[in-house]
Amino acid sequence: MSGAAGQQQRVRIGANPIIWTSDDLPSIGGGISLEECLDQARRAGVEGMELGHKFPSDTEGMKAALAPYGLAFISGWWSLELLSRTAEEEIEAETAVEVAVCRSPAEGRYPARAILPDEVGAITRGESTNQRFIRNILPDTAPGETLLVVEVITPGGHWSSYPPHKHDTDDFPNETYLEETYYHRLRRGSGFALQRVYTKDGSLDDTNRFLIRLTGYPLG
């Protein structure tokens, strides 16, 4: 296969485990083990597999399952009915789980995709009591239209957003215009978070102290 500037590109073939067993009707192919599926895929010349319900749900387990067969993980796969049902209706927890649904206006230029833990960038910012640990779940460098998703792990007694800054002017790279939403959680289950929003001329100066129940949810 020829690519840009006449360069040869190698096409790698992957497969979906639905060839062996169905995620919608698990009884179909239910007697076929994951090991048999992966072994047959390898012998058929397949180099990668999509996710199926028989695969481990954690990253390390996934790697361990695929490694003996020299297969790569291609992508996640789910049966979704988002044309007729909402995202909330499509979420069904098999174990205790917490789900956050983040939304922003978009035109639908990108397909839905799974962001795996290995794809989340981790950096450290600040020093001393300003130090915090950043997990860039959906940064501005990733394919997306208007949504950014970041998790900040802030040690107890530290400031999370320092120095004070603003996001009300579109002047990249000096400043970006953002509408921000914060959701505070505490590991110990009780405590408080302090957030101040103000303007340079003092026309707006609000300080919000979020009290946290034992469940960890902000009261406002």
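The values are calculated or read from the model by the stated rules, or taken from the named source; none is laboratory data. Keep in mind that this is a model prediction, so the values were computed, not measured. Heads up, the Cβs are rebuilt from the backbone with ideal geometry, glycines too, and the neighbour counts pull from every protein chain shown.
Take Asp206 and tell me if it is modelled with pLDDT of 80 or more and of a type in the set (D, E, K, R).
In short, no.
Check off (1) under 24 Å from the mean Cα position of the chain (by Cα); (2) surrounded by 13 or more Cβ atoms within 10 Å (Cβ to Cβ); (3) modelled with pLDDT of 85 or more for Pro143 and give me the number that stays unchecked.
So Pro143 meets the others, but not (2).
Would you pick out the residues in segment 160-198 that are acidic (Asp, Glu) and either in contact with a helix residue (DSSP H, G or I) (Cβ under 6 Å, 6 or more places away or on another chain) or closer than 25 Å to Val101 by Cβ (or both)?
Of everything in segment 160-198, those that are acidic (Asp, Glu) and either in contact with a helix residue (DSSP H, G or I) (Cβ under 6 Å, 6 or more places away or on another chain) or closer than 25 Å to Val101 by Cβ (or both) turn out to be Glu179, Glu180.
If you check every pair at least six apart or on different chains, which have Cβ atoms under 6 Å apart with a residue in segment 37-50 that is under 19 Å from Ser75 (Cβ atoms) first and a residue that is among the aromatic types (Phe, Trp, Tyr) second?
What qualifies is Cys37/Trp20; Leu38/Tyr69; Arg42/Tyr69; Glu50/Trp77.
Tally the residues that are surrounded by 10 or more Cβ atoms within 10 Å (Cβ to Cβ), at pLDDT 80 or above and of a type in the set (Phe, Trp, Tyr), restricting the search to segment 152-190.
4
Looking at Asn136 and the list (1) over 20 Å from Tyr183 (Cβ atoms); (2) within 13 Å of the chain's Cα centre (by Cα); (3) at pLDDT 90 or above, which single condition is not satisfied?
In the conditions (1) over 20 Å from Tyr183 (Cβ atoms); (2) within 13 Å of the chain's Cα centre (by Cα); (3) at pLDDT 90 or above, Asn136 misses (1) alone.
Conditions tested, residue by residue: (1) at pLDDT below 80; (2) surrounded by 15 or more Cβ atoms within 10 Å (Cβ to Cβ).
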site	(1), (2)
Gln40	no, yes
Arg43	no, no
Tyr69	no, yes
Glu94	yes, no
Glu107	no, no
Ala112	yes, no
